[in-house]
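Below: one structure, written as structure tokens.
The values are calculated or read from the model by the stated rules, or taken from the named source; none is laboratory data. Note that the structure is predicted; figures quoted are calculated from it, not measured. All Cβ positions, glycine included, derive from the backbone under ideal geometry; neighbour counts span all protein chains shown. What goes into the accessible areas is simple: the full protein's heavy atoms, side chains included, and nothing from ligands, DNA or RNA. Shrake-Rupley method; radii C 1.70, N 1.55, O 1.52, S 1.80 Å.
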Amino acid sequence: MAPLKEKIGILGLGRMGRCLVQGLVESQTVASSDICFTTGHPETREAAARELAINGIANNETLVKQCDIIVLAVKPQNAFDVLAGVGKHFTKNHTLISIAASLDTKMLEKAIGKNAAVVRAMPNTPAFVRAGITAACLGEHAGDRDWARTEALFKPVGRIVRVEEKHMNAVTGLSGCGPAYLYVILESLMDAGIKVGLPRELASQLAAQTMLGSAKMLLDTGKHPAALKDEVTTPAGCTIDGLMELEEGKLRVTLIKAVVQATKRAARLAKAAKKN
């Protein structure tokens, strides 16, 4: 992807904001001198500016006036106060990309108070090792330019998919929360390895690489997981016995329930945000 020629401003530089900055600079998508940010505390701002070699800005209004792509990375409960303070400085050249959970594009557009180009995005934590997946949707006034800017922002830290906004709560339940579910599975596989006599470090490597490789098989081949499972499962072999234990333990239905419950929780948080 060609380097961005616009300036990027991050409202509320936190862990994910730092991750995006590092990805952008490492991939040479944008120069560090073209990235600005604000934080809630001056000492935090000074430390981050030194560490990341980017521009710490004293207030949100100045940042919006200086930048073209604005990343809203504050806590959801603070988002509307922040946008109310900077809305008058938004122009048709700006793109607001929000990673504030549960806030939909209509709410953000209303908070800015004009026909602003808004994108709602949900990255996940594997972005920290450049293997994340970000789902994003466009607001009513966003177009091709805004999607191109969004792709440029998130591609350096993994994959990006464009979705309809009605799917964003489900995205939260699956890919947003999903790493936590997979860590439980990894921990269980590691403990199982130790139980059958493997050293802890070896069990960790075997479990993690097996999960990583299996995911890559799915993505690279495009095969259904059931087909890939069948390739491992030989008649009267070891795998079928293990699969029977998983079915008896209801692993499949438990994972489905986890995603469903997390999706419902995301929907409740979205409703609560609208009321506030």
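Test each condition in (1) under 22 Å from residue 262 (Cβ atoms); (2) surrounded by 19 or more Cβ atoms within 10 Å (Cβ to Cβ) for residue 162 and report the one that comes out false.
The single condition residue 162 does not satisfy is (2).
Just for segment 206-240: of the residues that are of a type in the set (Val, Ile, Thr) and farther than 19 Å from residue 159 by Cβ, which one is least open to solvent (accessible area, probe 1.4 Å)?
Applying the first criterion (of a type in the set (Val, Ile, Thr)) to segment 206-240 yields 210, 221, 232-234, 239-240.
Of the ones still in play, those that are also farther than 19 Å from residue 159 by Cβ are 210, 232-234, 239-240.
Numbers: 210: 85, 232: 90, 233: 32, 234: 77, 239: 49, 240: 63 Å².
Among residues in segment 206-240 that are of a type in the set (Val, Ile, Thr) and farther than 19 Å from residue 159 by Cβ, the one least open to solvent (accessible area, probe 1.4 Å) is 233.
Among (1) over 16 Å from residue 15 (Cβ atoms); (2) surrounded by fewer than 23 Cβ atoms within 10 Å (Cβ to Cβ); (3) not charged (D, E, K, R), which single condition is residue 128 missing?
Condition not satisfied by residue 128: (1).
I need the helices (runs of 4 or more DSSP H) fully contained in segment 195-259, keeping only those with at least 1 residues that are among the basic types (Lys, Arg). Outline the logic, then answer.
Working: elements: 200-221, 225-232, 238-248.
By residue number, 200-221, 225-232.
Go through segment 78-133 and give me each residue that's over 22 Å from the mean Cα position of the chain (by Cα) and of a type in the set (D, E, K, R). Talk me through it step by step, then tell me what you get.
First, the residues of segment 78-133 that are over 22 Å from the mean Cα position of the chain (by Cα): 81, 84-93, 110-116.
If the condition is that a residue be over 22 Å from the mean Cα position of the chain (by Cα) and of a type in the set (D, E, K, R), then 81, 88, 92, 110, 114 are the ones that fit.
With the requirement that a residue be open to solvent by less than 20 Å² (accessible area, probe 1.4 Å) and either of a type in the set (Asp, Glu) or in contact with a helix residue (DSSP H, G or I) (Cβ under 6 Å, 6 or more places away or on another chain) (or both), what does segment 131-152 give you?
132, 134, 135, 136, 137, 139, 146
Within the bounds of segment 23-42, is there any residue that is among the acidic types (Asp, Glu), over 11 Å from residue 9 (Cβ atoms) and modelled with pLDDT of 95 or more?
Restricting attention to segment 23-42, the residues satisfying the condition of being among the acidic types (Asp, Glu) are 26, 34.
If we keep only those that are over 11 Å from residue 9 (Cβ atoms) too, we end up with 26.
Those left that are additionally modelled with pLDDT of 95 or more: 26.
Scanning segment 23-42, I find at least one residue that is among the acidic types (Asp, Glu), over 11 Å from residue 9 (Cβ atoms) and modelled with pLDDT of 95 or more, so the answer is yes.
Please verify whether residue 195 is open to solvent by 40 Å² or more (accessible area, probe 1.4 Å) and within 21 Å of residue 94 (Cα to Cα), treating the condition exactly as stated.
Values: open to solvent by 40 Å² or more (accessible area, probe 1.4 Å): yes; within 21 Å of residue 94 (Cα to Cα): no.
So residue 195 fails the test.
With respect to residue 25, determine if the residue is out of contact with any strand residue (DSSP E or B) (no Cβ under 7 Å at 6 or more places or on another chain) and closer than 21 Å to residue 148 by Cβ. Before the answer, list the steps.
Values: out of contact with any strand residue (DSSP E or B) (no Cβ under 7 Å at 6 or more places or on another chain): yes; closer than 21 Å to residue 148 by Cβ: yes.
When the stated conditions are applied, residue 25 passes them.
Residue pairs, Cβ under 6 Å, 6 or more apart or interchain, first in segment 243-270 and open to solvent by less than 100 Å² (accessible area, probe 1.4 Å), second of a type in the set (A, V, I, L, M). List them.
259/174; 263/170
Please indicate, with yes or no, whether at least one residue in segment 228-239 is at pLDDT 95 or above and closer than 19 Å to residue 133 by Cα. Even if it seems obvious, please write down each step before you answer.
First, pick out the residues of segment 228-239 that are at pLDDT 95 or above: 228-239.
Cutting the leftovers down to closer than 19 Å to residue 133 by Cα gives us none.
Within segment 228-239, none of the residues are at pLDDT 95 or above and closer than 19 Å to residue 133 by Cα.
Rundown of residues vs (1) without any contact (Cβ under 8 Å) to a residue 40 or more places away in the chain; (2) of a type in the set (D, E, K, R), yes/no style:
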position: 13; (1), (2): no, no
position: 27; (1), (2): no, no
position: 34; (1), (2): yes, yes
position: 40; (1), (2): yes, no
position: 44; (1), (2): yes, no
position: 51; (1), (2): yes, yes
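Show the residue pairs meeting these rules: Cβ distance below 6 Å; 6+ apart or different chains; first residue within segment 103-117 and within 16 Å of residue 167 (Cα to Cα) and at pLDDT 95 or above; second residue open to solvent by less than 30 Å² (accessible area, probe 1.4 Å) and not small (Gly, Ala, Ser).
Going by the 6 Å Cβ cut-off, the qualifying pairs are 105/118; 105/120.
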